[in-house]
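Heads up: the structure comes next, in structure tokens.
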Amino acid sequence: WGHSLAMVSVKCFFEGIWRRFGYQSSDFCSLQELLYKLFSISRDVPLLFFYRDDEGDFVRMSSSEDLQFALKALSGPLVMKIEQDPNPVQQQTKPDSASEVIHWRVTCDQCEMCPIRGPRYRCIQ
């Protein structure tokens, strides 16, 4: 994916609001950041991202690989929906300062977590 991508039309739904915008990347982390900003969502709110496939089903998207697959299968705009995660990862009762750090625009090479929350030196999965 080192070559230039064509601009893709994206339609996204969150809490009763549709937004339409152009997007020109296969980086899921950048798309997440953009969606948090477009919908004015606090970065503390855990979200789930879905795209509509060619059969009309909403499929969970959680990595750049998922986004690349969705973009390859496009026959029109990329239709997405965002939901709040009903089962967010529980924080420790006494979080240390390192676990509170959020590394935006950084994706784990091992588990593809994006953004990375906590220390970046190793994956715990």
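Every read-out reported here was derived from the displayed coordinates using simple, explicitly stated rules and does not represent laboratory data. Fair warning: this is a prediction, and the values are worked out from it, not measured in the lab. Here Cβ is always computed from backbone atoms with ideal geometry, including for glycine, and neighbour counts include all displayed protein chains.
Quick notes on this one:
- Note on Ser9/Asn87: beta-carbon distance plugged into 1/(1 + (r/R0)^6) with R0 of 41 Å gives a FRET efficiency of 0.85.
- Global form of the range 5-44, assessed from the alpha-carbon gyration tensor, a/c cut-off 1.5: oblate
- Placing unit charges on the Cβ atoms only, positive for Lys and Arg and negative for Asp and Glu, gives the range 10-67 a dipole magnitude near 360 debye about its Cα centre.
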